[in-house]
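Chemist: I'd like to ask some things about the structure below.
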Amino acid sequence: MIYDYVIMNKITEELKGKLTGGIITKIIQPSALTIIMNIKQGNTLYNLLMSAESERPRIYITEEKHADKIPSLNFSLSLKKHIINGKILDISITPLERILTCHIKARDDIGELKNRLLVAEIMGKHSNIILLSGEDKNILGCIKHITYKVNRYREILPGEIYIAPPSEKKENPLHVEEETFLKLASSEGDLEKNLIKNFNATGSLLAKEIIIRAGLTPDISGNNLSELKNLYLTWKKTWNEINESRTSYLYKAKGEEKPLWKLPLAYPIELKLPGSLPGEKINDLNKALDRGYKIQNNIEIFNREKKSLSDGIFNYKKKLNDDKRRMEEQLKKAGKWEEYRRKGDIILANLHINTKEKTVELIDIFDEEQKNIKIDINPSLSMSQNGQAYFKKYKKSLKIMKAAGKQMEDLLKEQEYIENISLSIELGETVKELIEIKEELMENAIIKVKKPPEKKKEKDIPSFINVMSEDGWTIMAGKNNRQNDMLTMKIAKGNDLWLHAKGIPGSHVIIRNPEAVDTGSIPYRTLHKGAAMAAYYSKGKNSSHVPVDYTLVKYVKKPKGAKPGMVIYHGEKTISITPQKP
């Protein structure tokens, strides 16, 4: 999300209309750099969020619920002391600057009415929220403490006198004359940088938007322009459109063409910058921002959860591969069991030999040509004892071989299960789906358990992939092991058709068959669509052809003790298909 002067100016207009005359009833500080004020205006309660986070400083009315940080932080205590139950007299913005001021009248400790100023400086990493006395602008509290060691121009600390940030000596974008505009736009360097460098309140997004509207490209050199007059007209027209705008647009998903700007994005005018992606028209910019930041927050949570799960699976895969290498080495050593038994029999066939050497050369009774074989022995033991020693090695190696073989079989099943999990993480599209995977991994002790997962409510049905074929048949697919199990074992009926990519991790796909028609009577287009889905939601999605097995659900079974998503089936047929997203 972007929060530039254009957005802040429009937000100020909306806040002024909604909150002027309102009473501050509650103040909470959900995080170190964010505060929320509950403001009652008539019968309506608004939640005004202010944040000085470096990556996303912002101000808007939110509908999200937040809890106060415990214990209360110093800044929230200052606000509660000085402005709780105070009345908002006005909300203003410093012209062409991202500095918003709430003018508040509230009673002090002895009941006298005092003027207070709550100043929000929304300036990237330099953002701050500062509470001032209205008379002398003495700093009563600030969300960030800035000393002279950090900023020599001004110190932001309780007890100091507030000094506003220095104004940049740039042109006013609303009143610039054509001659001045053309001169500054055509100076050395690319056009976008010239607009940002020379004009107040002009950020990267707005500069790009105006350039694109003028039919130019942001990286074009200013001194090589031939359409500067058209650019100036576009500049004036766009700023007028911004000033007159009483609506907003929210861009929240990628279209067929990749947008030039990171999404989500809310803005008070319809943009050409996102390319072919249409914006959702929302009359209230506050609501557009609230929804946009909620989407962004969900994206960030989703990405963190996905990375955490992917890292956990990567480490677990590494552990399984290390276990497999050790087991293969163990099997290689234990594989000599037949050699130990053979040498033991040869020694027992030559008990008459008496030697003090560490190696004896004996006839190999198992060799057709009766060649000699050299066998290491312990000279301190009799030949009979040496023979028995080899038989002990034989029995021990055979026991290890059988145990390791079973362990290797279990390990290969675990690797197959983990590949299914990896695919589930790749297919996951929501935080809820990733949490389902996380809970499964916690239950199977694959990732560390910080706290026991809450039991899922029975009515909490997963969001399966659900589409309709051209012939009107319902096709469903799971996105992770839990969904696959629920879909196949609980939701699907015996005569529904079950599909799965052959021999590789993938989703369970079900073609609903409520009329219980024969498999051969299911329309080919429907079978083709279901198989294409099974191929797409599998590890073979990038292949040109994927074999897909299909059979009736009644022929699909889950073995006792099998991991989530793992089944066996019979009576299947196979179709080769090109993966296709539904």
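The values are calculated or read from the model by the stated rules, or taken from the named source; none is laboratory data. The structure presented is a predicted model; accordingly, all values stated were derived computationally and were not measured. With ideal geometry, Cβ positions are generated from the backbone for all residues, glycine too; neighbour counts draw on all protein chains shown. Side chains included, ligands, DNA and RNA excluded: accessible areas come from the protein's heavy atoms. Shrake-Rupley method; radii C 1.70, N 1.55, O 1.52, S 1.80 Å.
Chemist: Assuming R0 = 56 Å, what is the FRET efficiency of residue 412 and residue 4, from their Cβ-Cβ distance, to the nearest 0.05?
Modeler: 0.50
Chemist: Please report, to two decimal places, log10 I(q)/I(0) for the chain at q = 0.05, 0.08, 0.12 Å⁻¹ as given by the Debye formula with identical point scatterers on the Cα atoms and no solvent.
Modeler: -0.42, -0.82, -1.18
Chemist: Go ahead and estimate [θ] at 222 nm for the chain from helices alone: -39,500 (n - 2.57) per DSSP H run with n ≥ 4, summed, over the residue count, rounded to 500.
Modeler: Theoretical 222 nm ellipticity from helices: -12000 deg cm²/dmol.
Chemist: What whole-number value in Å² describes the accessible area per residue of the stretch 208-367 for a 1.4 Å probe? Please list the in-between numbers first.
Modeler: On the way: 9460 Å² over 160 residues.
Result: 59 Å² per residue.
Chemist: Against the longest alpha carbon principal axis of the chain, how many degrees, from 0 to 90 and to the nearest 10, is the axis of helix 285-334 turned?
Modeler: 20 degrees
Chemist: Which value in nm describes the separation of the simple spin-label points at residue 388 and residue 154, placed 7 Å from the Cα toward the beta carbon?
Modeler: About 9.5 nm separates the two model spin labels.
Chemist: What is the gain in length, in nm to one decimal, between residue 528 and residue 123 on full extension, counting 0.36 nm per residue of separation less the C-alpha to C-alpha distance?
Modeler: My answer for the length gained is 140.3 nm.
Chemist: I need to check one value: relative contact order of the chain, counting alpha carbon pairs closer than 8 Å and at least 6 residues apart, in percent.
Modeler: The normalised contact order for the chain reaches 7 percent.
Chemist: With everything on Cα atoms, drop me the angle between helix 431-443 and the longest principal axis of the chain, reported from 0 to 90° to the nearest 10.
Modeler: 40 degrees
Chemist: A further question follows. Using 7 Å Cα-to-Cβ label points, what is the residue 241/residue 113 separation (nm, one decimal)?
Modeler: Calculated label separation equals 4.5 nm.
Chemist: Taking the Cα centre of the stretch 121-195 as origin, work out the dipole magnitude from +1 charges on Lys and Arg Cβ and -1 charges on Asp and Glu Cβ, in debye rounded to 20.
Modeler: Details: 10 positive and 13 negative charges, 105 e Å.
Rounded to the nearest 20 debye, it is 500 debye.
Chemist: Loop-only check: which chymotrypsin sites (Phe, Trp or Tyr not before Pro) in the stretch 338-413 are DSSP coil with at most 12 other Cβ within 10 angstrom?
Modeler: Here the chymotrypsin sites (Phe, Trp or Tyr not before Pro) that fit, given the DSSP loop and packing criteria, are 366.
Chemist: Let me ask something additional. I need two numbers for the stretch 68-217: Rg to one decimal and Dmax as a whole number, Cα atoms only, in Å.
Modeler: 19.9, 63
Chemist: Also, I was wondering about something else. In degrees between 0 and 90, to the nearest 10, how far off the longest principal axis of the chain does helix 383-427 point, with axes built from Cα atoms?
Modeler: 30 degrees
Chemist: Could you give the length gained by full extension between residue 345 and residue 319, i.e. 0.36 nm per residue of separation minus their alpha carbon distance, to one decimal place? Could you put the intermediate results ahead of the total?
Modeler: Working: separation 26, 0.36 × 26 = 9.36 nm, distance 4.05 nm.
Value of the extension gain: 5.3 nm.
Chemist: What distance in nm separates the simple spin-label points at residue 338 and residue 521, each placed 7 Å from Cα in the Cβ direction?
Modeler: 5.5 nm
Chemist: Separate question: Please give the FRET efficiency for residue 180 paired with residue 297, using the beta carbon to beta carbon distance and R0 = 30 Å, rounded to the nearest 0.05.
Modeler: E between residue 180 and residue 297, to the nearest 0.05, is 0.10.
Chemist: I've got another one for you. Would you mind listing how long the stretch 358-424 runs along its three principal axes, going by Cα atoms, in whole Å with the largest first?
Modeler: 61, 30, 16
Chemist: For the stretch 40-96 and the stretch 529-582, write down the distance between their C-alpha centroids in whole Å.
Modeler: Here the two parts' Cα centres lie 53 Å apart.
Chemist: Assign unit charges at the C-beta atoms only (+1 for Lys and Arg, -1 for Asp and Glu), then state the dipole size of the stretch 458-582 relative to its Cα centre in Debye, rounded to the nearest 20. Don't skip to the answer; put the middle values down first.
Modeler: Details: 18 positive and 10 negative charges, 95 e Å.
Computed about the Cα centre, the dipole is about 460 debye.
Chemist: While we're on this one: In vacuo Debye scattering of the stretch 128-220, one point per C-alpha: log10 I(q)/I(0) at q = 0.10, 0.16, 0.23 Å⁻¹?
Modeler: -0.45, -0.75, -1.03
Chemist: Could you work out the equivalent-ellipsoid semi-axes for the stretch 292-358, taking the square root of 5 times each eigenvalue of the Cα gyration tensor, largest first, in whole Å?
Modeler: Rounded to whole Å, the semi-axes are 63, 9, 4.
Chemist: Could you bin all the Cα-Cα distances of the stretch 474-582 into 5 Å bins starting at 0 and give me the percent of pairs in each, rounded to whole numbers?
Modeler: Calculated P(r), rounded to whole percents: 2, 14, 26, 27, 20, 9, 2, 0.
Chemist: What trypsin sites (Lys or Arg not before Pro) in the stretch 356-444 are in a loop by DSSP, with at most 15 other Cβ atoms within 10 Å of the Cβ?
Modeler: 356, 358, 371
Chemist: If you stretched the chain out fully between residue 580 and residue 398, how much longer would it get, using 0.36 nm times the residue separation minus the C-alpha to C-alpha distance? List each step's numbers first, then the result.
Modeler: On the way: separation 182, 0.36 × 182 = 65.52 nm, distance 4.93 nm.
Stretched out fully, the residue 580 to residue 398 stretch lengthens by 60.6 nm.
Chemist: While we're here: Output the Kirkwood hydrodynamic radius of the stretch 26-151, Cα pairs only, in Å rounded to one decimal.
Modeler: Taking the inverse mean of 1/r over all distinct Cα pairs, the stretch 26-151 comes out at 15.0 Å.
Chemist: Send over a whole-number figure in Å² for the accessible area per residue of the stretch 9-159, probe 1.4 Å.
Modeler: With the other protein chains kept in place, the stretch 9-159 gives 48 Å² per residue.
Chemist: Give the Cα extents of the stretch 242-372 along the principal axes, in whole Å, largest first.
Modeler: 113, 25, 18
Chemist: So, with a 1.4 angstrom probe, what is the percent of accessible area on the chain that is carbon and sulfur?
Modeler: Using a 1.4 Å probe with all protein chains present, the chain comes out at 50 percent carbon and sulfur.
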